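Novice: Here it is, the structure in full.
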Amino acid sequence: MSHLIIEQGSEVGKEVDVPAAGMKFGRSPANDLVLDDPAVMLFHGRFFFKSDGFLWVTDFGAGEKTTVGGEPVDEYQLKVGDLVEVGATAFRIINIALEQEEPAAAPVAAPQKHERKEPEAEEHSEEIDLGFKREKKSRRAPDKKTEHKPASLTARLMQVSVILLFLIVLMIVGPSLMELSKADVSNVQQEERLTLAYERVMGTTKNIFRYRVDLDDKGIFSVRIDDLKTNRHQIESKEIPQSVIEQLSHGIAAAGFFDVDSDYAGTSDNQYDLYNIAVQRNHRFHHIQVLNWTPPSAIQRTTQLIEDFVVSELGISFTWKLDPEELMQLAEHAFEVGEARYAERDVRYGNLATAITQFKEAILYLETIEPKPAIFHRASGLLEAAQIEQTVRYDDYLFRSDRAIRLKNWDEAAKYLRILSELIPDRSDPRYEKINAKLLNVEQHLR
């Protein structure tokens, strides 16, 4: 039987059953009951059962309070008929028990006893045999022809041999199976479960900037950035492996987020500065808001960890924190350096790699600016040309070094490989590892 019925809100008439593990409600999709209401917090509260088996409601203590009968509550034992209000949604309590007992008026009737009527004649009763009945044992002495003889000595020895063999195998294999089973159970128990919602809002009389990060229970990591003044908008999402989620989960715990025990709020006439973080780690939920206040160090560490995670996993740069004017200045400087190094690419082999790095940086600064300025297109064109030339030079010098190695001309091979090391200095480039391995091999012959 349902425990709640919605009497007010977008789903009037819907009945809700509260599971034994309880049910969180709020605006975030990570809740068990999602309320599409701007007055409701991301993680607003929870219906749950205590050890007495009765239904309770608790408020997570942020934003507009949950009320019962019009009175705000932190934690309250519910009664049938209570009206629980959350923002614009109202629940009427129709059942408070964890396990609803069957109504007394309609108990399960015990089977009635009927006197068994003996058949008028044994030969007239028809009975269908489905093969489940056992034959009645005869009390007369068994027929000598059907009497079982004792098992022979050979048969008994075979039985004993099979039992001994089974015990030996069990002694050898059993411990290994037990260890494997324990390892599997341990792995299941240690798996981290993490969901989070992080919202950063900076508002002034001239602009509103919003940065939103979510990680749901399916491992989908998403970010949305909105800058109303410059009309910059960016939305990205990605499925994150469990191993990476575990790293983030341990990092948030180590940052001290769960040790922050209260919200922080101040006042300001000309700005709105909000940190809103909700984290569900395994069976522990924590929600902190910091409004117009310098966040404590644990919150600063947590938000920096999440923002760095966005950069590394979704490739969204730090540029969302900077004004367009600053981004243009940085992009112009990077482009000028890249253009100068590209013009001097024949002076030093490393200048071509430097030019490529500077062109990429200029493009990075301008990725959130729309429409794209002319410098963005110039940097993109020169980047493509520089990368093509780098590939051509790489293939040429690699061919020369390989030919010198085959001829066992170790000095010449080392010269070309050192040129390649200068041409490809990026350690993340797969070509760098190939060059370095060849150079180590050649230098061993030069000793």
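The values are calculated or read from the model by the stated rules, or taken from the named source; none is laboratory data. Source: prediction; values computed, not measured. In this analysis, Cβ positions are derived from the backbone assuming ideal geometry, glycine residues included, and neighbour counts consider all displayed protein chains. Ligands, DNA and RNA are excluded from the accessible area calculation, which covers all protein heavy atoms including side chains. Shrake-Rupley method; radii C 1.70, N 1.55, O 1.52, S 1.80 Å.
Novice: Any idea how many residues of the stretch 255-274 are open to solvent by less than 60 Å² (accessible area, probe 1.4 Å) and either out of contact with any helix residue (DSSP H, G or I) (no Cβ under 6 Å at 6 or more places or on another chain) or part of a helix (DSSP H, G or I) (or both)?
Specialist: Looking only at that region, the number is 7.
Novice: Would you check if Asp426 is touching a residue at least 40 places away in the same chain (Cβ under 8 Å) and either loosely packed, with under 12 Cβ neighbours inside 10 Å or polar (S, T, N, Q) (or both)? Give the steps one after another, and end with the answer.
Specialist: On the way: touching a residue at least 40 places away in the same chain (Cβ under 8 Å): yes; either loosely packed, with under 12 Cβ neighbours inside 10 Å or polar (S, T, N, Q) (or both): yes.
Judged against the criteria, Asp426 is a match.
Novice: Right, another one. What are the residues in the stretch 204-254 that are exposed (fewer than 15 other Cβ atoms within 10 Å of the Cβ) and among the acidic types (Asp, Glu), if any?
Specialist: Listed by number, the residues that qualify are Asp217, Glu236, Glu239.
Novice: Still on this structure, I have one more. Quick check: is even one residue across the stretch 341-358 under 24 Å from Arg232 (Cβ atoms), open to solvent by less than 40 Å² (accessible area, probe 1.4 Å) and part of a helix (DSSP H, G or I)?
Specialist: yes
Novice: Pick from Gln247, Gln234, Gln242: which is over 25 Å from Arg281 (Cα atoms) and under 23 Å from the mean Cα position of the chain (by Cα)?
Specialist: It is Gln234.
Novice: Sort out which residues of the stretch 338-381 are hydrophobic (A, V, I, L, M, F, W, C) and under 39 Å from the mean Cα position of the chain (by Cα), and write them in order of number.
Specialist: Ala353, Ala355, Ile356, Phe359, Ala362, Ile363, Leu364, Leu366, Ile369, Ile375, Phe376, Ala379
Novice: Do you know which of the residues in the stretch 339-376 that are touching a residue at least 40 places away in the same chain (Cβ under 8 Å) and among the small types (Gly, Ala, Ser) is farthest from Arg418 (Cα to Cα)?
Specialist: Among those residues, the one meeting the criterion is Ala353.
Novice: Okay, moving on. Only one of Val311, Val337 is surrounded by fewer than 15 Cβ atoms within 10 Å (Cβ to Cβ), in a helix (DSSP H, G or I) and either of a type in the set (A, V, I, L, M, F, W, C) or in contact with a strand residue (DSSP E or B) (Cβ under 6 Å, 6 or more places away or on another chain) (or both). Can you tell me which? So that I can check it myself, show each step before the final result.
Specialist: Details: Val337 fails: surrounded by fewer than 15 Cβ atoms within 10 Å (Cβ to Cβ).
None of the other options fit; the residue is Val311.
Novice: Still on this structure, please answer the following. Would you check which residues across the stretch 49-74 are open to solvent by 30 Å² or more (accessible area, probe 1.4 Å), touching a residue at least 12 places away in the same chain (Cβ under 8 Å) and more than 30 Å from the chain's Cα centre (by Cα) and list them?
Specialist: Phe54, Gly69, Gly70, Pro72 - these are the residues of the stretch 49-74 that are open to solvent by 30 Å² or more (accessible area, probe 1.4 Å), touching a residue at least 12 places away in the same chain (Cβ under 8 Å) and more than 30 Å from the chain's Cα centre (by Cα).
Let's see how each residue does on (1) more than 30 Å from His333 (Cβ to Cβ); (2) in contact with a strand residue (DSSP E or B) (Cβ under 7 Å, 6 or more places away or on another chain); (3) modelled with pLDDT of 95 or more; (4) crowded, with 16+ Cβ neighbours inside 10 Å:
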position: Ala374; (1), (2), (3), (4): no, no, no, no
position: Arg418; (1), (2), (3), (4): yes, no, no, yes
position: Lys434; (1), (2), (3), (4): yes, no, no, no
position: Ala437; (1), (2), (3), (4): yes, no, no, no
position: Leu440; (1), (2), (3), (4): yes, no, no, no
position: Gln444; (1), (2), (3), (4): yes, no, no, no
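Novice: Right, something else. Those residues that are open to solvent by 80 Å² or more (accessible area, probe 1.4 Å) and not in a loop (DSSP other than H, G, I, E, B), I need them from the stretch 5-21; list them, please.
Specialist: Hits for the stretch 5-21 are Glu7, Gln8, Glu15.
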